[in-house]
Amino acid sequence: MKSAAAIMSGLTLSKSPPRSAYLSSYSPHRCFSFFSLSLPIYRSLNSMKRPPIHVSHSNPMFIVRNSSSSSSGSSSITAKPSSEMRKHHNGSSKGLDRDQKLTALRELFGKPGINIDAYIIPSQDAHQSEFIAECYMRRAYISGFTGSAGTAVVTKHKAALWTDGRYFLQVYPVLSVLYFFTFQEKQLSSSWILMRAGNWGVPNTTEWLNDVLAPGGRIGIDPFLFSSDAVNELKEAVAKSNHELVYLYDVNLVDEVWKESRPMPPNKPIRVHDLKFAGVDVSTKLSNLRSELTNAGSSAIVISMLDEVAWLLNLRGNDVPHSPVMYAYLIVEINAAKLFVDKSKVTPEVNDYLKKAGIELKPYDSILSEIKSLAARGAHLWLDTSSVNAAIVSTYATACDNFLEGLGNNSKSKGKNLSGAPSAFCKSSPISLAKAVKNDAELEGMRNSHLRDAAALAEFWSWLEEEMSKKTVLTEVEVSDKLLEFRSSQSGFVDTSFDTISGSGANGAIIHYRAEPESCSIVDTQKLFLLDSGAQYLDGTTDITRTVHFGQPSERQKECFTRVLQGHIALDQAVFPENTPGFVLDAFARSSLWKVGLDYRHGTGHGVGAALNVHEGPQSISFRFGNMTPLLKGMIISNEPGYYEDHAFGIRIENLLFVKEVDTPNRFGGITYIGFEKLTFVPIQTKLVDLTLLSAAEVDWLNDYHSQVWEKVSSLVEGSAREWLWNNTRPVVKP
């Protein structure tokens, strides 16, 4: 357990509790430190008139602002083509151009009560969501960079954007050996400096600020945009140059620039996730969580991650693109549970469902009041400070201090022990791991949804190859939208699980490329074409990448593709002791590339939710060895090695796998050995494979995989799609 002071070490708090008059509405990994590319955001559109701007210089006080939308949501589930969504997104940014936005932002730096030298603008919403509602896309609005990961920092004379290898070519068409670039951009204007995060010699955000600002500078942040851990880390880092962290809690400076053109917060209805897909009812899940609380000596827990709320309650929403979640908080106590959500999203069916489960509905904007109430009642509160925003943590810390001060001022309480005093238990959320280990029903739903998805992809690839043979001119966006059309015809389809990456030629080298209607390329039959896509179904979530060539690939392309395939096969066939963390397996996927001095700039595998977020933790397979989460039976992980030749082509092969126990002839040390079973069944283009590089065992793997694809998917397609599937699953022979 931690005291209030321990919780908030590094934060300066006011002596009075945070005001709640303006309370407002997630590498793929769920926990981000300040030095990572993505930071938690806490804010929603405040439709009320703001109070006068005020900053407490020595004792910043945290408040949360209120937001509401008058529009009512529709209960229908729809998915818009990428082209339509992007036109809408671009339309919402009308008004100031990118340089004018920077000018307007800097003009606010010197306003009374602000007086800052720099301002940090992270990416996420309050719940650390990877995909966020449009009204929270502040970093994208101010910088023009639309990638999902990145951090912007603006000083009085400079503006810098930190992003990683997935996006380097998206922000600039030409790379340099330097860590910054000031030439012609794709998405950034020349006023912005691109920082290639993670590369040798590239400073992180605080190192850069400590370098460019004179000692004693004032660095502004909106504290609602950061987790408690992130704020503590940030404050400690900037203090090295005697900089002051200024908490601008009454105003978000980007919102002041965005003004009326800022989109309204989402307001769409919640639905019940069918028990046949969930596998475990909400009462059982709550009972299991309460046992965890009891064992830890806690009496309550705050749950702020949107997918954790959705999974625990067997609810799904439509507030966030690509992720079936709703904006909500959940507090679970030993004998009670309260869901903090915009009640206009709660249908009569959902309302009855929650009542039967013993879950009380509370307004979203009453979360801080309840936090203070927990402290007043002497709660031992479980807080995941890596994800819970600083406003909630600071409110609880202040309320704990007030409780203790009250005891000290009460003469009757003097000399008594503090066993009834509130305290905090700071630890990762227990729901994260429970959600990651899928039950039988969730795995069955994932299997079934992947087969329907495979049928849609067979129809799509059959169509696309036919169009290419007819020399039909198609853009990357048109191809992406056509894939959505095929997927939409499958039963249980809800939405895409992320923005489709449709990259022809050099665009395929941009790891998280996003084709825009006004600037995308034509799909060229003489170039490699990379397609990374996924879908949300009622019973599961898919994510698949295939790389193809519609003409004759070069020997270089075939060698690179084959080495990526060898890494994919090596990981797919891996057998390893239980409790092995994912980073141990990362080299399996890179070894063949390493042999010829090649590599790729992203992780090899991420967790995937069951009818939830396409990227979920805590598990991963990555060269970043800090994640010690073991791969456990029932977890789902992606297998997606790649290779990217800047300005030429990109290659990636991705399947989803689930972890299962493997029957080995020996069990050294008496432990269990585990491996993987495939969920994805879509052909891998053999034209791109240099069979002379493959071993006999690797050829057998490829043929066996294609045999399974035909067996599992052929009955789900007909006509030209079935013919395409047959032609693309024929055995190959090693020369």
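The values are calculated or read from the model by the stated rules, or taken from the named source; none is laboratory data. Predicted model only: the values in this text are computed from it and were never measured. Neighbour counts are summed over all protein chains in view; Cβ atoms, including those assigned to glycine, are modelled from backbone coordinates with ideal geometry. Accessible surface areas use protein heavy atoms only, side chains included; no ligands, DNA or RNA. Shrake-Rupley method; radii C 1.70, N 1.55, O 1.52, S 1.80 Å.
Of note:
- Verdict on K338 being in contact with a strand residue (DSSP E or B) (Cβ under 8 Å, 6 or more places away or on another chain), on the phi < 0 side of the Ramachandran plot and open to solvent by 10 Å² or more (accessible area, probe 1.4 Å): yes
- Answer residue from the stretch 127-181, given it is in contact with a helix residue (DSSP H, G or I) (Cβ under 7 Å, 6 or more places away or on another chain) and in a helix (DSSP H, G or I) and is modelled with the lowest pLDDT among those: L169
- Failed item, numbered, when A456 is tested on (1) among the hydrophobic types (A, V, I, L, M, F, W, C); (2) modelled with pLDDT under 95; (3) touching a Phe, Trp or Tyr at 6+ places or on another chain (Cβ under 7 Å): (2)
- Count - residues of the stretch 670-682 that are open to solvent by less than 30 Å² (accessible area, probe 1.4 Å), aliphatic (A, V, I, L, M) and not in a strand (DSSP E or B): 2
Yes/no per residue for (1) aromatic (F, W, Y); (2) open to solvent by 10 Å² or more (accessible area, probe 1.4 Å); (3) out of contact with any Cys (no Cβ under 9 Å at 6 or more places or on another chain):
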residue	(1), (2), (3)
D440	no, yes, yes
G445	no, no, yes
S462	no, yes, yes
E466	no, yes, yes
S469	no, yes, yes
T475	no, yes, no
V479	no, no, yes
F486	yes, yes, yes
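- Whichever residue in the stretch 293-326 is among the hydroxyl-bearing types (S, T, Y) and not in a loop (DSSP other than H, G, I, E, B) and, among such residues, is least open to solvent (accessible area, probe 1.4 Å): S323
- Only one entry of N666, N655, N703 meets the criterion of being of a type in the set (S, T, N, Q) and part of a loop (DSSP other than H, G, I, E, B), and that entry is N666.
- Restricting the stretch 709-730 to residues that are more than 9 Å from A458 (Cβ to Cβ) and among the charged types (D, E, K, R) leaves a set whose member that is surrounded by the most Cβ atoms within 10 Å (Cβ to Cβ) is K712.
- Total residues in the stretch 575-626 satisfying the condition of being among the acidic types (D, E), open to solvent by 10 Å² or more (accessible area, probe 1.4 Å) and out of contact with any helix residue (DSSP H, G or I) (no Cβ under 6 Å at 6 or more places or on another chain): the figure is 1.
- Scan of the stretch 113-151 for residues that are of a type in the set (V, I, T) and either in contact with a Leu (Cβ under 9 Å, 6 or more places away or on another chain) or open to solvent by less than 10 Å² (accessible area, probe 1.4 Å) (or both), ordered by number: I114, I116, I120, I121, I142, T151
- The set of residues in the stretch 502-517 that are open to solvent by less than 10 Å² (accessible area, probe 1.4 Å) and of a type in the set (A, V, I, L, M) comprises A509, I510, I511, A515.
- Selected residue (criterion: most open to solvent (accessible area, probe 1.4 Å)) from residues of the stretch 518-574 that are among the charged types (D, E, K, R) and under 29 Å from the mean Cα position of the chain (by Cα): E518
- Boolean, R667 is more than 34 Å from the chain's Cα centre (by Cα), open to solvent by 40 Å² or more (accessible area, probe 1.4 Å), among the basic types (K, R) and closer than 29 Å to A535 by Cβ: no
- If you go through the stretch 205-223 and keep only what is buried (at least 21 other Cβ atoms within 10 Å of the Cβ) and either part of a loop (DSSP other than H, G, I, E, B) or among the aliphatic types (A, V, I, L, M) (or both), you end up with L209, I219, I221, D222.
- Extreme residue, nearest to A436 (Cα to Cα), among residues of the stretch 640-664 that are open to solvent by 20 Å² or more (accessible area, probe 1.4 Å) and of a type in the set (A, V, I, L, M, F, W, C): V662
- A residue that is touching a helix residue (DSSP H, G or I) at 6+ places or on another chain (Cβ under 6 Å) and either surrounded by fewer than 17 Cβ atoms within 10 Å (Cβ to Cβ) or among the acidic types (D, E) (or both) occurs nowhere in the stretch 447-455.
- Filter pass, A611 being farther than 29 Å from V713 by Cβ and at pLDDT 95 or above: no
- Under the condition of being under 14 Å from G317 (Cβ atoms), open to solvent by less than 50 Å² (accessible area, probe 1.4 Å) and of a type outside the set (S, T, Y), the residues counted in the stretch 343-377 number 4.
- Inside the stretch 94-107, residues that are part of a helix (DSSP H, G or I) and open to solvent by 30 Å² or more (accessible area, probe 1.4 Å) make up a count of 6.
- Residue match in the stretch 186-201 (condition: farther than 30 Å from F340 by Cα, small (G, A, S), modelled with pLDDT of 85 or more and open to solvent by 40 Å² or more (accessible area, probe 1.4 Å)): yes
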